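The values are calculated or read from the model by the stated rules, or taken from the named source; none is laboratory data. As the structure is a computational prediction, the values presented were derived from the model and not from experiment. Cβ atoms come from the backbone with ideal geometry, glycine included; neighbour counts cover every protein chain shown. Heads up: the accessible areas ignore ligands, DNA and RNA and are worked out on the full protein's heavy atoms, side chains in. Shrake-Rupley method; radii C 1.70, N 1.55, O 1.52, S 1.80 Å.
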Amino acid sequence: MVQDNICNDCAAHSDVQLKKLGLDMARSDYIVALAGNPNTGKSTVFNNLTGLRQHTGNWPGKTVSRAEGSFSYADKKYKLVDLPGTYSLLSASTDEEIARNFILFGKPDVTLIIADASRLERNLNLTLQILEITDRAVLCLNLIDEAKRHGIVIDDRNLAKELGIPVVPATARFGLGMQKLLQSLKEVATGEFQCKPRKIKTTSPFLKRALNKLIPVIEEKFPGISNARWIALRMLEGDKEVMEAIENGKLGTLEI
Amino acid sequence: MKNRATDSSKNLNELAKSLRWEAGENLHDHLVNAIYEDAARIANNTVGKNGDTGKFNWDRILDNLLTSRITGFPMMILLLGIVFWITISGANVPSSMLATLLIDTTHPILKSFADQVGLPWWLSGVLFDGIYLAAAWVISVMLPPMAIFFPLFTLLEDFGYLPRIAFNLDNLFRRAGAHGKQALTMSMGFGCNAAGVVAARIIDSPRERLIAIITNNFALCNGRWPTQILIATLFIGVLASPQLGGLAATGAVVGIVMLGIFFTFASSWLLSRTVLRGEPSTFSLELPPYRPPRFWKTLYTSLIDRTIFVLWRAIVFAVPAGAVIWLIANIHIGSATIAAHLISFFNPFGILIGLNGVILLAYIIAIPANEIVIPTILMLTVLSLKLTGVGEGAGVMFELTENADYLRLFSAAGWTTLTAVNLMIFSLVHNPCSTTIYTIYKETNSVKWTTLASVAPVIMGLALCFFIAQIWRIVVGY
């Protein structure tokens, strides 16, 4: 019994704690959304954690709809939702809408962002957009082996500080880094780790003024909303879907 | 309460609208710029380069070879050719072993078991001569080529070759008025057209997505590979010397695939200039790095995900089809069976277009799954010939373990090289299977487009066969 407790505190114990539950998604404690650029290994991570065999392949765009699976870790059950890979969340294509709507309306407890370590800058564009929408995220620096082969070194601790979320280097193809990833997911899901996500800096004083007027109204109307700033930006851009969601009161409650 | 909520929501949206002026012009561009600058700043602070890297850049060298203007297309044909050649030359032996086991050995055991327990003849007929043999046939004909083809194809896919195909074809697709990503959905179609149709979701523009969906049928799907491979081996292979037979057959199959790609372009071009007019939209295609595939894992997943999945589907459809074939071959109307009536009804038209009544009837029976075309053709051929030496009587799908057996049977039924060529053409250009038709309907939500996608290829295929037959008869003379 005593020994159990010691083990539970040790991060190396996590592998034993992971139970791949496949399609058994009843009564999950937390929902985790899996987002990222195309072809960064989202489906591979998904398969690693759930034990499912979602088809993986070395080409962008092979996941076109949501795939769901589940796993349990440290006595909590997680539902994992694999979203289509996208470069951004700003355009109106079907795959980007699926990804955006789930992060926005599906209210995941954690959004797990998978980034290609050898192309970090491009992947950060999406990461920053996601951090505008949600406060709870973990960044997985996948394909770290490939980055190494290309002579790329990433200061992941500094990156975590810059982004304000946990950053975990990994090579999902060979299952490396999955334990630390699970640990970070748990910490963010349970609130042990409080994310301080980086928000996009705007230099325009006009925009700042408009946001300052709009955000309080949104927060008043939807108490407890975490992404009022992002909603405000979308509204100022005239995003039809967000405007509709506000009009019919679905914002913040909609489950898709 | 509800009204008030709606009112305040309207107010909120009104407020946003009025503030939009204050926020300044080009808000979208401004935001995108802010994001990009921020990303660059973070990357700058955290990413370092570790000395000199590219001593020998494999990716660059391979890309120069596989995506170059000059060598890109020949390399594509060569790679496909190698895959088909390995499939064709490797599938024969295991196929005949499976046929011996499932058909020569197990089928008589089942039949004698039925006699022992005293099953009525019709029940034993439907169960063992219809359903069991159909399933056994599908397994022995389809499993070996698929178990070779899919792992090879998946290895190419994991290696990163698929996006390179897309890159090579992009320009042609754009010139045809379609979306470059259609090359990817087409590649998916080589596995399964239903999967290719679903994959068209990656195309944003509804116009281009429709083109990709409608033309996906021209990508030869795995249900049709066995037909192509068998007919090419039998009829095209024998035209060359024995040593070169395998190569000639491979050439014929690659030719059919290329023809399919050509039809994809031609019909896309036609659609984008008639009913689906519009400008092609641009997109960015990321060429992923080449990654050494994990060999055993790829082997395992391609067997489970693709081979077994497709085989299971084929069996599920072959079972009722087997029963139907047995029934129409054994129920008499007047002096002949239903099948005989149907065959003689279709025969004149079939012969006119260089096919025959059996093939046309087989394609009608096989609408649920292309996989069962060849078994159905064989069964119906025996039936229409009323051969006694081959097969086991009316409506029994029988064993043919040697290629020479097939050839003798087809020749006896009056098949010529023209029949074989036209069967290969018709197998490429005909209606999609019922699963694909249903998928097209679910994806487009439109009866109109589903009908077009289903009917147009049949008409095209029939017309094509007709012209080939007429020209053939003028040039070759029979």
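Numbers at a glance
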quantity	calculated
Minimum 40 Å² accessible area buried by the other protein chains, region B:286-326 residues, probe 1.4 Å, relative to alone	B:286, B:289, B:291, B:294, B:305
Cα-based helix-to-principal-axis angle, B:27-46 vs chain B, degrees rounded to 10	90 degrees
Accessible area of the protein assembly as shown belonging to carbon and sulfur atoms, whole % at 1.4 Å probe	62 percent
Relative contact order of chain B, pairs being alpha-carbon contacts under 8 Å that are 6 or more residues apart, as %	18 percent
Radius 13 Å from Cβ of residue A:167, net charge of other residues (Lys, Arg +1; Asp, Glu -1)	0
Interchain or long-range residues, amide H under 5 Å from residue A:168's placed H	A:139, A:140, A:141
Residue mean of other protein chain beta carbons inside 10 Å, B:189-202	2
Signed unit charges on C-beta, dipole axis of chain B, positive-most listed residue B:338, B:45, B:300	B:45
Kirkwood hydrodynamic radius (C-alpha pairs) into Stokes-Einstein, region B:130-199, 25 °C and 0.890 mPa s, D in µm²/s	176 µm²/s
Ellipticity estimate at 222 nm from DSSP helix runs (n ≥ 4, -39,500 (n - 2.57)) divided over the protein assembly as shown, nearest 500	-19000 deg cm²/dmol
Amide H within-cut-off set for residue A:154, under 5 Å, with H built and near neighbours excluded	B:48
Backbone HN-Hα couplings from phi across region B:93-102 [Karplus 6.51/-1.76/1.60, Hz, Gly and Pro as x]	4, x, 4, 6, 5, 4, 4, 4, 5, 7
Unit charges at the beta carbon, dipole of chain B: most positive-side option, B:30, B:472, B:216	B:30
Kirkwood Rh (inverse of mean 1/r, distinct Cα pairs), the protein assembly as shown, angstrom	28.8 Å
Contour excess over end-to-end distance, with Cα ends at residue A:157 and residue A:194 and 0.36 nm allotted per residue	11.7 nm
For region B:72-478: span of alpha carbons on each principal axis (Å, largest first)	67, 47, 46
Per residue solvent-accessible surface (Å²) - the protein assembly as shown, probe of 1.4 Å	44 Å²
Assigned charges on the beta-carbon of Lys, Arg, Asp, Glu; the protein assembly as shown dipole about Cα centre (debye)	1020 debye
Solvent accessible area, Å² - residue B:124, 1.4 Å probe, full protein context	10 Å²
Buried accessible area, chains A and B (both chains, 1.4 Å probe, Å² to nearest 100)	5800 Å²
Alpha carbon centroid spacing (whole Å) that separates region B:309-356 from region B:132-166	27 Å
Rounded to the nearest 20 debye, dipole of region B:92-232 from Cβ charges on Lys, Arg, Asp, Glu	600 debye
Positive-pole candidate from B:135, B:424, B:325, dipole of chain B, charges at beta carbon	B:424
Rounded to the nearest 20 debye, dipole of region B:72-478 from Cβ charges on Lys, Arg, Asp, Glu	1000 debye
With all protein chains modelled, accessible area of residue B:435 [1.4 Å, Å²]	50 Å²
Cut-off 17 Å, label 7 Å out along Cα→Cβ of residue A:226, residues of region A:80-123 by amide N	A:80-81, A:100-114
Across A:180/A:221; A:201/B:49; A:199/B:181; A:161/B:297, pairs whose alpha-carbon gap is larger than 30 Å	A:180/A:221; A:199/B:181; A:161/B:297
Percentage, to the nearest whole number, of Cα pairs in region B:21-170 over 26 Å apart	64 percent
Those residues of region B:30-44 for which accessible area with every protein chain present is at least 50 Å² below the isolated value (1.4 Å probe)	B:30, B:31, B:35, B:38, B:39, B:42
